[in-house]
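Before any comments, here is the structure.
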There are 2 protein chains.
Amino acid sequence: VANSLLLPEIRQMISENDRQGLSQIMNELHPASIAEFAEGLDAEEVWTLLSHGSIPRQAEVFPFFSQEKERELIEGAGNFRMSKLLEAMPHDDRVDLLKRCDQDTVDELLPLIAKADREDIRRLYSYPEQSVGSVMTSDYATLPEEIRAQDAISHLRQVAPHRETIYYIYVIDDERRLIGFISLQGLILAKPDVAVRDLMRSEVISLRAELDQEEAARMLAKFDLIALPVVDNQNRILGIVTHDDLVDVLEQEVTEDFHLSAAVGPLTEGYRRSSIWYLYRKRVSWLVILVFVNLVSSGVIAAFEETLQAAIALAFFLPLLIDSGGNTGSQAATLIVRALATNEIQLSTWAKILGREFLVGLLLGLTMAGASFLLGTARGGVEVGLIVGLSMLCIVVFTNLIGVLLPFILTRLRMDPAVASSPLITTIADASGLFLYFSIATWIITGWGKIG
Amino acid sequence: VANSLLLPEIRQMISENDRQGLSQIMNELHPASIAEFAEGLDAEEVWTLLSHGSIPRQAEVFPFFSQEKERELIEGAGNFRMSKLLEAMPHDDRVDLLKRCDQDTVDELLPLIAKADREDIRRLYSYPEQSVGSVMTSDYATLPEEIRAQDAISHLRQVAPHRETIYYIYVIDDERRLIGFISLQGLILAKPDVAVRDLMRSEVISLRAELDQEEAARMLAKFDLIALPVVDNQNRILGIVTHDDLVDVLEQEVTEDFHLSAAVGPLTEGYRRSSIWYLYRKRVSWLVILVFVNLVSSGVIAAFEETLQAAIALAFFLPLLIDSGGNTGSQAATLIVRALATNEIQLSTWAKILGREFLVGLLLGLTMAGASFLLGTARGGVEVGLIVGLSMLCIVVFTNLIGVLLPFILTRLRMDPAVASSPLITTIADASGLFLYFSIATWIITGWGKIG
């Protein structure tokens with residue numbers, strides 16, 4: 001039905017209370033597709049549509065709604081209905097939802113939720129933002145080590161409807177310590193009588209709940225797993241993190257890095273949902289800070305004002321030289337920032353990389369110097385050509401090294417290296433570029449003067 | 001064993017031929033961990049270690065090797081051994097491996113591989129780079145619709161060792177047309193006698209093999225799935241793409257966007273493995289192109305040389321104004337580029353976004369103009385303050401709009417909008433910034449002159 005179905009048709013089904021059509025939509029479509037259609041309906045219509053699916057099915061759809069739609073729906077729901085839905089929802093998604101509700105709504109809903117679920121919510125709620133704990137879920141499947149394969153499968157059959165995944169099952173001892181791991185695929189392949197103990201892998205890759213969520217995402221990507229278990233300092237299992245949540249984490253972190261690299265503060269609600277005023281606030285602080293950093297460049301110009309006035313032709317090459325510095329620096333910084341983010345290079349290798357990049361910078365500098373020498377000579381004779389070419393060489397080599405070093409330094413200072421890219425490096429490159437250019441110009445003009 | 005194990009100990013085990021220790025490593029550790037250890041061993045040592053696991057186990061480890069290690073291992077392997085390994089490897093990984101081998105090696109290996117596998121390799125080989133076909137695998141599980149749940153499970157038990165995943169099973173008709181989909185979780189929960197036909201979901205989200213791999217990754221992320229089926233134009237199933245491959249795709253695409261946004265050409269082998277010469281080549285072309293774009297800025301300066309010489313104090317604010325323009329433009333461009341990449345905004349909404357960003361730019365411009373007016377007045381009196389403030393307002397508003405529009409225009413021209421960020425926008429911002437600044441300065445100085 002999905003491809004041939006249009007929003008007006010669903011609207012009509014709802015207004016005509018077409019039971020068959022609506023329950024087909026609720027039961028056949030992917031939850032994300034249902035949620036997508038629902039974005040075009042008002043809250044009451046969505047509730048009518050949802051009511052044609054079972055509570056567990058409704059709970060599957062809910063996490064796919066946008067934040068605005070979610071808010072509308074909660075307001076129009078009635079607390080009792082909402083509490084039943086929360087009980088049926090994936091454990092991580094319901095905590096995310098409650099975190100986005102205002103405190104009054106949470107205070108009204110929580111007492112209506114079954115005690116075990118309420119405690120589970122409180123526990124997951126307590127992990128700090130950005131930690132592995134904040135994205136983990138507690139609806140995972142476990143088995144004791146002595147159970148036989150066929151009994152394990154029967155057990156999983158019973159608990160499956162209440163588990164986010166039963167594809168990976170974690171084997172625990174009496175004190176919930178993680179002692180092994182088995183996949184459903186492995187369990188199905190096994191002889192019915194074999195104990196889980198003899199089937200499981202005892203080398204389990206696990207995460208600590210306090211770890212940064214980005215680390216977890218990188219681990220999952222590295223080991224090609226669907227889920228990873230989360231343990232406390234006693235190796236007791238606390239939850240699991242699943243591939244779908246960690247793909248979202250990776251996307252978020254990447255967007256944050258992109259924004260930081262353009263000197264924009266992280267947008268918590270995404271670009272489309274940010275208000276004009278919010279976008280202004282996230283951008284203005286860096287812009288103003290960089291104005292003050294730029295005063296250094298202005299200072300350099302002021303110091304060399306006489307040189308500039310005496311040889312106003314030098315101004316012609318100003319944008320060329322300082323921009324090339326900024327561009328080179330921002331290339332280098334971006335390469336390093338990204339290689340650090342993907343763990344391709346480590347902080348400890350900075351000296352080796354600096355050496356390598358010095359050579360890259362030298363090659364770039366020589367090429368650019370050649371081009372600038374020709375341009376300079378064409379414009380103002382060999383003397384100008386020499387000034388511009390030599391300045392370009394120094395500027396490119398220098399800003400390239402700054403671009404390489406800055407991300408390492410920022411990481412060392414426990415700041416996000418992404419801010420090293422573009423605007424910050426451009427501004428630093430400008431100041432140093434101006435200084436190099438005017439110094440070299442003064443030096444050559446004076447020297448030439450003596451010779452002549 | 002993993003955490004307590006060090007490379008020298010594995011080396012010792014290999015030299016002493018410690019069968020028990022080595023087979024424990026091969027059978028207990030995660031393939032990615034084994035491959036990580038192997039990076040520190042020479043090819044012969046790795047082969048000794050591998051030989052303590054079964055062929056299917058060796059085939060699981062192989063895809064985790066780095067490209068250099070892979071090459072060394074293939075050279076030292078002997079073609080017969082390598083062909084057995086290829087037969088056992090996941091179908092997508094072995095094609096990737098062969099793509100990285102030189103033609104001679106491929107010509108030697110292919111005839112040794114079983115006919116069915118060889119044909120499968122040829123088929124997967126034929127899809128163009130970057131397409132969904134190039135990342136899909138053909139070792140997926142299918143079922144006919146009439147089979148009963150318990151028979152389906154027995155069937156899966158038989159084929160599981162040769163399938164990349166059996167967690168999602170695709171239901172096909174006699175002509176291999178995709179008619180439904182069921183999860184292993186669903187199958188296990190079902191009553192043994194029910195036919196798959198009555199259990200499956202008939203609304204299957206599928207992909208076409210020609211689609212861009214990035215689209216596939218976004219679909220998988222959107223629907224929170226482990227795998228997606230790939231079909232031809234007759235809806236016949238060709239393969240599946242799995243979550244682990246698509247996480248890699250997302251990472252690659254993001255790295256490419258980061259590099260493009262800093263005017264670096266895409267690095268096919270990653271930063272660490274790129275040679276100095278290769279890095280130089282990937283960076284130099286944009287740098288040189290931007291030098292020529294910068295000549296526009298130089299031209300503007302040349303045109304206003306007299307104004308500048310007459311009022312050399314104006315030079316003081318040059319870096320401040322043109323950098324602020326560049327920074328504003330690069331903020332705007334990056335926000336739009338990223339929002340387009342994550343499908344947060346669509347191309348068609350450009351006019352609405354331009355309107356919104358005009359207001360953001362106006363707010364930013366007014367703030368920056370205020371600051372610049374004060375700086376200008378402090379430095380050279382109210383006249384200079386007015387010139388600098390007004391220039392700043394115009395520059396920020398204008399470059400912000402350019403930053404918003406450029407990614408839309410590039411997308412429309414079927415170019416990657418990521419190149420709009422940073423260096424390109426900075427260079428454009430400079431030229432326009434200089435023009436605005438000098439025009440306003442000339443206008444105010446002349447006007448003031450008349451008044452005075």
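The values are calculated or read from the model by the stated rules, or taken from the named source; none is laboratory data. Just so we're clear, the structure is a prediction, and the values are computed from it rather than from any experiment. Heads up, the Cβs are rebuilt from the backbone with ideal geometry, glycines too, and the neighbour counts pull from every protein chain shown. SASA here: full protein model, heavy atoms, side chains in, ligands and nucleic acids out. Shrake-Rupley method; radii C 1.70, N 1.55, O 1.52, S 1.80 Å.
Listed values, structure above:
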item	result
On Cα atoms only, tilt of B:115-125 relative to the major axis of chain B in degrees	10 degrees
Student exercise, region A:68-198 dipole from Lys, Arg, Asp, Glu Cβ charges, in Debye to nearest 20	320 debye
Inter-copy label distances at residue B:381 (7 Å, Cα→Cβ; nm, one decimal)	3.6
Label geometry 7 Å along the beta-carbon vector: residue B:139 inter-copy distances in nm	3.2
Prolate/oblate/rounded call for region A:1-78, Cα gyration tensor, a/c under 1.5 rounded	rounded
Local net charge near residue B:438, Cβ-Cβ under 12 Å (Lys/Arg +1, Asp/Glu -1)	-2
Rough spin-label spacing in nm, given labels placed 7 Å along Cα→Cβ, for residue A:412 and residue A:211	2.7 nm
Folded to 0 to 90 degrees: helix B:318-341 orientation relative to chain B principal axis, Cα	30 degrees
Helix B:213-223 vs. chain B, principal-axis angle (Cα, 0 to 90°, nearest 10)	80 degrees
Simple label model, 7 Å out from Cα along Cβ direction - residue B:106 to residue B:72, nm	2.5 nm
Helix-derived mean residue ellipticity, 222 nm - over the protein assembly as shown, DSSP H n ≥ 4, -39500 (n - 2.57), to 500	-21000 deg cm²/dmol
Pair residue A:295, residue A:310: separation of 7 Å Cα→Cβ label points (nm)	2.9 nm
Percentage relative contact order, region A:150-246, counting C-alpha pairs under 8 Å, at least six apart	23 percent
Residues of type lysines that residue B:69 reaches as a straight line, Cα spacing below 24 Å, ignoring anything fewer than 8 places off in the same chain	A:222, A:352, B:84, B:99
Chains A and B, summed buried accessible surface - 1.4 Å probe, Å², nearest 100	11100 Å²
Mean separation of Cα contacts under 8 Å, 6 or more apart, over the residue count of chain B: relative contact order %	10 percent
Chain lengthening between residue A:18 and residue A:348 when straightened (0.36 nm per residue, less Cα-Cα)	112.3 nm
Label spacing, shortest first and in nm, from residue A:288 to its equivalents in the remaining copies (7 angstrom along Cα→Cβ)	4.4
Computed over region A:219-290: relative contact order in percent, which uses C-alpha pairs under 8 Å that are six or more apart	18 percent
FRET efficiency estimate (nearest 0.05) - Cβ-Cβ, residue A:198 to residue B:362, R0 60 angstrom	0.25
Contour minus Cα-Cα distance for residue A:378 and residue A:275 (0.36 nm per residue)	32.0 nm
